[in-house]
Amino acid sequence: MNILILGSGGREYSIGLALHKEEKHTLYFCPGNGATNNLGENINIKDYNELAFWAKEKEINLTIVGPEAPLTEGVVDIFKANNLVIFGPSKDAARLEGSKVYMKNILKKYNIPTARFIETDKFEDAKSFIDTLTAPIVVKADGLCGGKGVIIANSKEEAEEAVSDMLSGSSFGDAGLKVVVEEFLDGYELSMFAICDGDDFILLPAAQDHKRIGDGDTGPNTGGMGAYAPTPLVDDELYEKVKQRIVRPTLDGMKQENAPFEGVLFIGVMVVGGEPYTLEFNVRFGDPECEILMPLLKTPVSELFYKGATKDLSNLKIEFLPKFAVGVVMASKNYPYSNSDAAEIIVDKIVDNDLIENSHISYAGVTFEDDKLFATGGRVLVCVGLGLSIKEARDRAYGLCGQVHFAGKKLRSDIAYQALR
Ligand code: AMP
Ligand code: GLY
């Protein structure tokens, strides 16, 4: 097939790598990064109508959308109007990520477990609800804030201040003009991904992300510093509960709303006392979760995405490798505070057969110039290790990290600790 992948991160690289391994596709990335051009061709067309025109000319058989922005901007609707096959949710369905108020109302309407909440644009309403809660209290801006729109307030006063700053537009502009205030759920967090075709879905093995910059989950939030899957924190019973109580009613509900959900439903799950609660939905793969899930698939990735895009998932028998994957993110010196100077990346020649066969790099914030690869983004790359146990996969991922060098490289040393302690 001729396949177009939208996006430029490690997530998109890992999808490209999995497709490249099938050895039968021609791949295009828009815009891609300094390493995706080893897997296919990078193109740069910003206007989605123009891009659809290009896709028709190139006879693109399947388009896969990585990040949320093109989805909330309606790229899927434009491609479909041009009779192109594209895997991802429509603009309407993408509101599950684009608006926390919309998402919470869907959860409430269809009786899907989530934290008790109020959504409002009035300070007084928020304040009355805050008075019924005990700290910590969670305050969320309605719209997309690049992962920064959630405040965990340690007192009622702090929660009120966060609400007031959001509603006035001073903290997040228009994205904060409506807020969600909710009770704090105290449990452990999972990333779960359902591949959906509007009617049917396939739930992938559960992963855990590591959002804080520092070891032991300290310091500021990031896009994710590492992930592993499958996690032993999920047994068959919990997995079934997520399917029956969260994914199934969400797909049925979205159909009733006339916004059937196609694409990747990313469920941020908080497990409290053995019960799964929906923290949030995203309408795309997580990054770095995608980088560790792609290599665990035995079923060809192209089949999974193509069937997902053509309402044909019920005809797919999904198979996973009986392995674990651990991904360790290497970030730039100043991440997540500010940009860093470009730094040349040197990868040692890997001679250890064990590493050659069971580990690889997924490239993200990199630029290729003068025959050299430079770290130019916040999250630069992910070292992925595979193994028959989490420990084996983790050791291989860190083994590979030791072979990658650039000035200021920053990584956590405890990825997968929750599974190994
Ligand atoms: P969100 O973008 O809604 O997933 O929130 C970002 C992060 O804030 C989540 O990954 C959780 O770690 C935390 N969080 C959000 N909502 C809650 C909640 N109700 N209780 C506890 N932690 C939360
Ligand atoms: N790793 C979490 C995310 O992609 O949002």
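The values are calculated or read from the model by the stated rules, or taken from the named source; none is laboratory data. All of these numbers come straight from a predicted model, not from anything done at the bench. Please note: Cβ atoms are built from the backbone with ideal geometry, for glycine as well, and neighbour counts cover all protein chains shown. Surface areas here come from the heavy atoms of the whole protein model, side chains and all, with no ligands, DNA or RNA. Shrake-Rupley method; radii C 1.70, N 1.55, O 1.52, S 1.80 Å.
State which residue is surrounded by the fewest Cβ atoms within 10 Å (Cβ to Cβ) when the search covers only the stretch 150-166 and only residues that are more than 21 Å from Lys108 (Cα to Cα) and touching a Lys or Arg at 6+ places or on another chain (Cβ under 8 Å).
Among those residues, the one meeting the criterion is Glu160.
Would you point out the residue of the stretch 337-366, among those that are hydroxyl-bearing (Ser, Thr, Tyr) and touching a residue at least 12 places away in the same chain (Cβ under 8 Å), that is most open to solvent (accessible area, probe 1.4 Å)?
Among those residues, the one meeting the criterion is Tyr337.
Taking the stretch 107-160 as the search range and keeping residues that are polar (S, T, N, Q) and in a strand (DSSP E or B), which one is nearest to ligand 2 (Cβ to nearest atom)?
Here the residue is Thr114.
When residues of the stretch 46-73 are filtered for being of a type outside the set (D, E, K, R), assigned to a loop (DSSP other than H, G, I, E, B) and open to solvent by 60 Å² or more (accessible area, probe 1.4 Å), how many remain? Let's see the steps before the verdict.
First, the residues of the stretch 46-73 that are of a type outside the set (D, E, K, R): 48-49, 51-55, 60-67, 69-72.
Narrowing the set further to residues that are assigned to a loop (DSSP other than H, G, I, E, B) leaves 60-61, 66-67.
Checking which are open to solvent by 60 Å² or more (accessible area, probe 1.4 Å) leaves us with 61.
The qualifying residues number 1.
Any residue at all in the stretch 197-204 that's more than 20 Å from Lys108 (Cβ to Cβ) and without any contact (Cβ under 8 Å) to a residue 12 or more places away in the chain?
Checked against the condition, which is being more than 20 Å from Lys108 (Cβ to Cβ) and without any contact (Cβ under 8 Å) to a residue 12 or more places away in the chain, the stretch 197-204 yields no hits at all.
Exactly one condition in (1) open to solvent by 20 Å² or more (accessible area, probe 1.4 Å); (2) assigned to a helix (DSSP H, G or I); (3) over 25 Å from Ser362 (Cβ atoms) is not met by Asn37; state its number.
(3)
Mind checking which pairs have a first residue in the stretch 60-83 that is free of Cβ contacts under 8 Å to residues at least 60 places away in the same chain and a second that is hydroxyl-bearing (Ser, Thr, Tyr) and part of a helix (DSSP H, G or I), Cβ under 6 Å, 6 or more apart or different chains?
Qualifying pairs under 6 Å: Ile78/Tyr48.
Out of the stretch 213-224, which residues are free of Cβ contacts under 8 Å to residues at least 24 places away in the same chain and either within 15 Å of the chain's Cα centre (by Cα) or part of a loop (DSSP other than H, G, I, E, B) (or both)?
The answer is Asp217, and nothing else.
So, in the stretch 142-187, how many residues would count as being under 17 Å from Glu97 (Cα atoms), more than 10 Å from ligand 1 (Cβ to nearest atom) and among the small types (Gly, Ala, Ser)?
Final tally of qualifying residues: 4.
The conditions are (1) more than 16 Å from ligand 2 (Cβ to nearest atom); (2) at pLDDT below 95, and Ile78 fails exactly one of them. Which is it?
(2)
Quick one: count up the residues across the stretch 74-106 that are hydrophobic (A, V, I, L, M, F, W, C) and part of a helix (DSSP H, G or I). Write out each step before concluding.
Taking the stretch 74-106 as the starting set, the residues that turn out to be hydrophobic (A, V, I, L, M, F, W, C) are 75-76, 78-79, 81, 84-87, 93-94, 96, 101, 103, 106.
Subset that is part of a helix (DSSP H, G or I): 75-76, 78-79, 81, 96, 101, 103, 106.
Of the residues in the stretch 74-106, 9 are hydrophobic (A, V, I, L, M, F, W, C) and part of a helix (DSSP H, G or I).
Filter the stretch 311-336 down to the residues that are out of contact with any Leu (no Cβ under 9 Å at 6 or more places or on another chain) and either in a loop (DSSP other than H, G, I, E, B) or β-branched (Val, Ile, Thr) (or both), then identify the one that is surrounded by the fewest Cβ atoms within 10 Å (Cβ to Cβ).
Step by step, filter the stretch 311-336, then rank; the result is Lys317.
I need a count of the residues in the stretch 80-92 that are under 22 Å from the mean Cα position of the chain (by Cα) and not aliphatic (A, V, I, L, M).
Summing the residues that are under 22 Å from the mean Cα position of the chain (by Cα) and not aliphatic (A, V, I, L, M) in the stretch 80-92 gives 6.
Answer yes or no: is there a residue in the stretch 280-288 that is of a type in the set (A, V, I, L, M, F, W, C) and more than 17 Å from the chain's Cα centre (by Cα). Before the answer, list the steps.
Going residue by residue through the stretch 280-288, those that are of a type in the set (A, V, I, L, M, F, W, C) are 281, 283, 285.
With more than 17 Å from the chain's Cα centre (by Cα) added as a condition, the list becomes none.
No: zero hits.
Looking only at the stretch 224-273, how many residues end up being away from ligand 1 (no atom under 16 Å from the Cβ), open to solvent by 40 Å² or more (accessible area, probe 1.4 Å) and either over 30 Å from Ser413 (Cβ atoms) or touching a Gly at 6+ places or on another chain (Cβ under 9 Å) (or both)?
So the count comes out to 13.
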